[in-house]
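The values are calculated or read from the model by the stated rules, or taken from the named source; none is laboratory data. What you see is a predicted model; the values in this text were computed from it and never measured. Cβ atoms come from the backbone with ideal geometry, glycine included; neighbour counts cover every protein chain shown.
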Amino acid sequence: MTEVLDVLVVGAGISGLTLAHALKKASNNSPLNILVAESQDRVGGNITTVATEDFLWEEGPNSFSPTPELLKLAVDVGLKQDFIFADRKLPRYVYWNGQLLPVPMSPQAMFQSSLLSDGGKLRAMVGALGFVPPAMGAHLSHPGGEETVSQFFKRHLGQEVMQRLVEPFVSGVYAGDPEQLSAAAAFAKVARIADTGGGLLAGALISAKNNRKSKLPPDPNIPKTRAGELGSFRGGLQTLPKAIATHLGEAMRLKWYLTNIRPTSNQTYIAEFSTPEGSQQVETRTIALTTPAYVCSELFKNLQPDVASILNDFYYPPVACVVLAYPVSAAKVKVDGFGNLIPRGQGIRTLGTIWSSTLFPGRAPQGWQIFTNFIGGATDPEIVELDSEKIVAQVHQDLCRTLLKEDAAPPKVLAVHLWSRAIPQYNLGHNYKLEQINRGLKSLPGLYLCSNYIGGVALGDCVGRGTEVANEIFQSLSKSIHR
Ligand SMILES: Cc1cc2nc3c(=O)[nH]c(=O)nc-3n(C[C@H](O)[C@H](O)[C@H](O)COP(=O)(O)OP(=O)(O)OC[C@H]3O[C@@H](n4cnc5c(N)ncnc54)[C@H](O)[C@@H]3O)c2cc1C
């Protein structure tokens with residue numbers, strides 16, 4: 001331990017890397033002394049791209065929704081030519097009553113869709129127009145009570161939309177349980193639109209109008225994208241964290257595992273690491289913990305036991321990502337979309353399948369296709385009891401019902417990646433917990449939390465929040481330097 005750092009960023013997932021990059025950029029004129037410490041021997045955290053000679057696949061996130069901040073970040077680190085975007089017109093499917101049915105992507109398509117009955121469509125339309133019963137339910141009877149995702153959507157759009165569209169979407173984003181997820185936390189934007197008044201349709205129109213007003217002119221340096229488009233990079237998602245880490249250069253430390261943090265009397269912190277060179281100590285003015293909540297919880301035990309116990313309360317259910325390759329001839333349907341999701345109660349255990357080599361062509365050799373499947377999640381945590389072979393057998397059996405010919409030969413198994421703690425669940429009480437954590441952090445100036453259990457789990461959310469926290473840290477350090 002020699003000099004005092006300005007900022008220690010712990011974790012080199014997309015949150016930590018974005019934060020460090022934004023800080024480095026903000027402090028261009030008088031560079032800050034930044035260190036990024038990552039416990040693994042690689043950067044990216046959940047982002048896990050794997051490539052062999054013939055195949056390229058993802059074992060964590062598969063694509064991103066192109067937010068301006070994410071696109072800007074990628075351009076900043078030299079990836080302008082590496083973007084790939086899936087054709088936004090490719091249909092998404094829901095498996096319902098033994099068939100794959102396209103998800104309606106517009107109000108007009110909704111009326112023509114065979115995914116909802118006429119009664120279901122009428123109920124959704126009436127609700128969207130604002131004829132919505134008041135919120136009721138067990139969770140609402142106490143102060144600060146809130147609705148589950150299931151209660152919220154049933155009230156606004158009816159049971160059918162909830163079961164056949166929202167529930168599979170919840171599986172796709174959170175691998176979550178709509179009976180446990182908080183509408184205000186997990187669907188914050190939609191809940192805000194509903195609060196605008198007059199139902200979801202009027203709310204959506206008002207917020208679109210407001211967004212248009214507040215929109216900055218487009219940046220000519222970032223590619224133009226359209227709603228519904230999904231992006232990646234030619235070499236897979238891992239291209240982005242690798243490029244950011246290269247830009248961070250000497251500030252990066254791999255295989256540095258943070259074991260303890262303690263405050264000093266000089267308004268700094270000492271962080272202790274286990275590293276391949278033995279234990280290391282670092283003194284720093286600020287720390288940004290971008291690690292999962294359960295990791296932060298351990299680190300907070302000595303700092304603030306109350307905050308530690310709240311952090312430990314965020315649930316990360318297990319999910320297996322099962323990447324299988326089949327000959328093109330094995331499919332019984334036209335593999336022409338993004339993929340399919342499967343509502344619970346259809347007799348299929350797999351939550352959904354991304355048709356990866358259709359989404360981003362060129363990732364499988366001629367004559368082959370890759371299906372990336374997710375199984376487990378908050379409604380099926382028992383998945384951890386199956387070994388890889390049994391998980392593959394289950395997914396293959398499910399695929400033979402949804403997509404493949406009944407007698408399709410067993411697949412070429414590219415990966416079975418069991419995430420024992422996958423995606424944080426924004427369950428009832430989530431926002432209240434975050435408020436309590438923020439209150440606790442007031443007595444630890446210079447300590448920041450920035451990870452996917454705050455403000456959204458999508459990669460774009462992580463980039464947005466990483467940028468915001470970097471600005472907060474920069475402002476605070478600039479003030480203290482001026483003082
Ligand atoms: C299976 C799966 C599929 C997903 N699919 C999508 C998708 O298609 N699109 C999308 O937008 N999002 C998706 N997500 C969500 C998205 O990937 C995550 O929300 C995001 O990657 C989280 O990034 P992060 O940096 O906040 O956390 P992480 O990626 O978890 O990074 C935290 C880092 O901290 C490190 N760390 C932990 N403990 C320590 C310690 N003690 N010391 C030092 N370092 C430590 C970890 O090794 C890790 O690198 C998916 C997530 C999963 C798991």
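Yes/no per residue for (1) modelled with pLDDT of 90 or more; (2) surrounded by fewer than 20 Cβ atoms within 10 Å (Cβ to Cβ); (3) under 28 Å from the mean Cα position of the chain (by Cα):
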{"position": "108", "(1), (2), (3)": "no, yes, no"}
{"position": "120", "(1), (2), (3)": "yes, no, no"}
{"position": "126", "(1), (2), (3)": "yes, yes, no"}
{"position": "143", "(1), (2), (3)": "no, yes, no"}
{"position": "150", "(1), (2), (3)": "yes, no, yes"}
{"position": "158", "(1), (2), (3)": "yes, no, yes"}
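Out of curiosity, is residue 401 touching a residue at least 40 places away in the same chain (Cβ under 8 Å), within 25 Å of residue 334 (Cβ to Cβ) and surrounded by fewer than 21 Cβ atoms within 10 Å (Cβ to Cβ)?
Answer is yes for this residue.
Would you check which residues across region 334-355 are in contact with a helix residue (DSSP H, G or I) (Cβ under 8 Å, 6 or more places away or on another chain), under 22 Å from residue 409 (Cβ atoms) and more than 16 Å from the ligand (Cβ to nearest atom) and list them?
Correct list: 335, 348, 349.
Do any strands (runs of 3 or more DSSP E) lying entirely in region 68-140 carry at least 3 residues that are under 15 Å from residue 166 (Cα atoms), and which ones are they?
92-96
Could you please let me know if residue 194 is in the same structural domain as residue 132 (by TED's automatic domain parsing), in a helix (DSSP H, G or I) and crowded, with 19+ Cβ neighbours inside 10 Å?
Here the answer is yes, as residue 194 does meet what is asked.
Taking only region 10-36 into account, find how many residues are more than 22 Å from the chain's Cα centre (by Cα) and either of a type in the set (A, V, I, L, M, F, W, C) or not in a loop (DSSP other than H, G, I, E, B) (or both). Lay out the reasoning, then the answer.
First, pick out the residues of region 10-36 that are more than 22 Å from the chain's Cα centre (by Cα): 23-35.
Still in the list and also either of a type in the set (A, V, I, L, M, F, W, C) or not in a loop (DSSP other than H, G, I, E, B) (or both): 23-26, 32, 34-35.
Residues meeting the conditions: 7.
Tally time: how many residues in region 37-74 are more than 10 Å from the ligand (Cβ to nearest atom) and surrounded by fewer than 17 Cβ atoms within 10 Å (Cβ to Cβ)?
So the count comes out to 7.
Looking only at residues in region 423-449 that are closer than 27 Å to residue 381 by Cβ and of a type in the set (A, V, I, L, M, F, W, C), which one is nearest to the ligand (Cβ to nearest atom)?
423
Any residue that is over 29 Å from residue 268 (Cβ atoms), surrounded by fewer than 19 Cβ atoms within 10 Å (Cβ to Cβ) and modelled with pLDDT of 95 or more - is there at least one of those in region 4-19?
No, region 4-19 contains no residue that is over 29 Å from residue 268 (Cβ atoms), surrounded by fewer than 19 Cβ atoms within 10 Å (Cβ to Cβ) and modelled with pLDDT of 95 or more.
Considering (1) surrounded by fewer than 15 Cβ atoms within 10 Å (Cβ to Cβ); (2) outside the structural domain of residue 284 (by TED's automatic domain parsing); (3) more than 13 Å from the ligand (Cβ to nearest atom), say which one residue 420 fails and leave the rest.
Result: residue 420 fails condition (3) only.
Restricting to strands (runs of 3 or more DSSP E) lying wholly in region 227-310: which have 2 or more residues that are in contact with a strand residue (DSSP E or B) (Cβ under 9 Å, 6 or more places away or on another chain) and outside the structural domain of residue 455 (by TED's automatic domain parsing)?
Counting at least 2 such residues, we get 231-233.
Give the number of residues within region 180-194 that are over 12 Å from the mean Cα position of the chain (by Cα) and either within 16 Å of the ligand (Cβ to nearest atom) or over 12 Å from residue 146 (Cα atoms) (or both).
Count: 9.
May I ask you to list the residues in region 437-470 that are closer than 25 Å to residue 265 by Cα and part of a helix (DSSP H, G or I)?
437, 438, 439, 440, 441, 469, 470
When the residues of region 37-53 are filtered to those that are β-branched (Val, Ile, Thr), more than 13 Å from the chain's Cα centre (by Cα) and closer than 24 Å to residue 413 by Cα, which remaining residue is modelled with the lowest pLDDT?
Checked region 37-53; the qualifying residue modelled with the lowest pLDDT is 52.
Restricting to region 428-453, give me the number of residues that are within 22 Å of residue 74 (Cα to Cα) and of a type in the set (A, V, I, L, M, F, W, C).
First, the residues of region 428-453 that are within 22 Å of residue 74 (Cα to Cα): 450-452.
If we keep only those that are of a type in the set (A, V, I, L, M, F, W, C) too, we end up with 450.
Selection size over region 428-453: 1.
How many residues does region 399-417 hold that are more than 14 Å from residue 323 (Cβ to Cβ) and either within 25 Å of the chain's Cα centre (by Cα) or in a strand (DSSP E or B) (or both)?
Adding up the residues that qualify gives 1.
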